[in-house]
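Here is the structure we will look at, set down as structure tokens.
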Amino acid sequence: MVSNLKSEINVAVEELAVKIRGEIILPANAGYEDARKVYNAMINKRPAIILKCADVADVILGVNFGRENNLLVAVRGGGHNGGGLGLCDDGLVIDLSGIKFVVVDEAAKTVKVGGGNLWGEVDKATHPFGLAVPAGIISTTGVGGLTLGGGVGYLSRKYGLTIDNLLEAEMVLADGSFVTVNEKQNTDLFWAIRGGGGNFGIVTSFTFQAHPVKNVFGGPTLWPIEKTNEIMKWYHEFIQKAPDELNGFFATLIIPGPPFPETLHNKQFCGIVWCYVGDLSKAEGIFKPILAMDPIFQHVGDLPYPSIQTLFDGLFPPGLQWYWRADFFNELGPEISAGHLKFGSQIPTPLSQMHLYPITGAAGRVAKDATPWAYRDAKYAGVIVGVDPDPANGEKITKWCKDYWEELHPHSSGGAYLNFIMNEGQDRIKASYKDNYDRLTKIKRKYDPNNFFKVNQNILPA
Ligand SMILES: Cc1cc2nc3c(=O)[nH]c(=O)nc-3n(C[C@H](O)[C@H](O)[C@H](O)COP(=O)(O)OP(=O)(O)OC[C@H]3O[C@@H](n4cnc5c(N)ncnc54)[C@H](O)[C@@H]3O)c2cc1C
């Protein structure tokens, strides 16, 4: 029976191979080991079939193939997800990395992007036009997963989250149909994909509003970790009142080595990485109160937007071990800063860090039910990452990350930005969508009643 079943699948795979323009990679094929790698080397999943799609037709064929053969299906965009949600064990991976294009409409200030593009490719294509789309802070992250989960980055305070700039998407649904979603067509789906992750279908193109951003003024300022209480208190008061044009995320970190001066290497710091997107002639005035806080190191200045977007790429190449935990916070009171001082002083490896990203300005002015992203009133999206190249340190970075999170979670707002967590189960997903969860479950029932798209932060059909 089993062997009959296996041979049926083999026949079906051979039939699929004839129809697609892309490539099928099976465990026996050369290239399988590379094709199953994702950014986080802690993830070690072995899919039965990897379908590298070349176009929308391949995605439709892949969805129909997965459904007709009752396979577990994962969808891979940029492969950056902390929990490895772009992969699955045994089933079919629909890999979008071959669906890449960036089309800039300079007059309309819009950008149409393939479902498999990475953000660095988008930044490079828009920069010559003096335009940018709000995204995350590392250029190798996928457009797909980051956008569908929300999208927090340097431009959030001025231009909102990535989802606030999504104008349209084209997607393949669980029944294999291909639809366009925007403010006028399939409006329920358009609402659901702006934060609801990959639960509703496979997005083959995203159209974004872009904004006039050419050069920015920014970079890091660092203080000794012992100053965490003082600097965090000052930062909270300062950033809440700062103009939308100024963004800066707070961090506890170790300076691992070059390009930073040797005197800083392997020491713990608290710091802020700034990005000002306003009138550059005013930048020095804007940074005066920041530099008056007397950082032990600062490297702020005028730089092209793609340069700030790639500032940390070299420190965090693919293939490191990553463990993730996250929470939203409304304030940074003394108990919270004491927790950051305690765990910031115990960072276990040079690349492990904690970041707090402001969710204020334009991102915070969007109504809580305008998109599934419910925590519009949170002041910060916090994330703790234990990171190291050596698998032998996996336990150490995981323990630090969990302990740090447990210390601060009681002071948090309850939920987390779902792109910043690994697999923490249904309660955590519900807490993160809050009042929007029920509406999401109803849309899931309408478009994916059998929960075909389940390798994600899963929303169960109502
Ligand atoms: C180093 C690093 C830095 C980061 N920095 C930021 C940051 O600054 N801001 C921020 O907001 N996030 C950030 N993230 C988190 C990031 O948003 C998530 O990891 C996100 O899931 C990555 O998307 P991906 O497409 O690369 O991932 P994948 O692992 O490919 O996919 C993640 C999930 O999205 C789904 N998916 C991906 N593409 C599609 C698609 N086209 N259609 C349907 N479903 C799809 C997948 O099925 C999966 O469930 C960072 C992550 C890393 C590793």
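The values are calculated or read from the model by the stated rules, or taken from the named source; none is laboratory data. Computed from a predicted structure; not experimentally measured. Cβ coordinates were reconstructed from backbone atoms using ideal geometry, including for glycine residues, and neighbour counts include every protein chain displayed. Just the protein is used for accessible areas: all its heavy atoms, side chains included, with ligands, DNA and RNA removed. Shrake-Rupley method; radii C 1.70, N 1.55, O 1.52, S 1.80 Å.
Data overview
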item: List Ser177, Ser205, ordered by accessible area with a 1.4 Å probe, largest first; result: Ser177, Ser205
item: Residue order for Ser413, Ser337 - accessible surface, 1.4 angstrom probe, largest first; result: Ser413, Ser337
item: Residue-level accessible surface for Arg67, protein heavy atoms, 1.4 Å, Å²; result: 90
item: Computed log₁₀ I(q)/I(0) - Debye formula, equal Cα scatterers, no solvent, the chain, q 0.14 Å⁻¹; result: -1.38
item: Ranking by accessible area, most exposed first, for Arg76, Arg46 with a 1.4 Å probe; result: Arg46, Arg76
item: Rounded to whole Å, sorted largest first: equivalent-ellipsoid semi-axes of the range 265-345, Cα gyration tensor; result: 26, 21, 14
item: Too-long pairs where the Cα-Cα distance tops 26 Å, listed order kept, from Lys227/Lys288; Lys399/Lys442; Lys368/Lys430; Lys37/Lys434; Lys241/Lys282; Lys19/Lys184; result: Lys399/Lys442; Lys37/Lys434; Lys19/Lys184
item: For the range 359-419 versus the range 63-120, the gap between their alpha-carbon centres in whole angstrom; result: 24
item: Alpha-carbon Rg/Rh ratio, for the range 32-177, with Rh computed the Kirkwood way; result: 0.99
item: Stokes-Einstein D in µm²/s, Kirkwood radius over Cα pairs - the range 296-382 at 20 °C with 1.002 mPa s viscosity; result: 133
item: Accessible-area value, Phe178, 1.4 Å probe, nucleic acids and ligands omitted, Å²; result: 90
item: Where GluC sites (Glu not before Pro) fall in DSSP loop in the range 53-129, at most 16 other Cβ within 10 Å; result: Glu106
item: Probe 1.4 Å - accessible area at Glu170, Å² to nearest ten; result: 40
item: Net charge dipole size for the chain [Lys, Arg +1 and Asp, Glu -1 on Cβ; Debye, nearest 20]; result: 500
item: Carbon/sulfur fraction of accessible area - the range 1-137, other protein chains in place, 1.4 Å, %; result: 54
item: DSSP-defined antiparallel bridges as percent of all bridges, the range 1-137, nearest 5; result: 45
item: Net dipole in debye of the range 373-462 [+1 Lys, Arg Cβ; -1 Asp, Glu Cβ; about Cα centre; nearest 20]; result: 620
item: Neighbourhood net charge (15 Å Cβ-Cβ; Lys/Arg +1, Asp/Glu -1) for Leu167; result: -1
item: Per residue solvent-accessible surface (Å²) - the chain, probe of 1.4 Å; result: 40
item: The chain: calculated mean residue ellipticity at 222 nm from DSSP helix runs of at least 4, using -39500 (n - 2.57); result: -8500 deg cm²/dmol
item: Set of lysines with alpha-carbon distance to Lys124 below 20 Å, sequence-local pairs under 8 removed; result: Lys100, Lys109, Lys112, Lys214
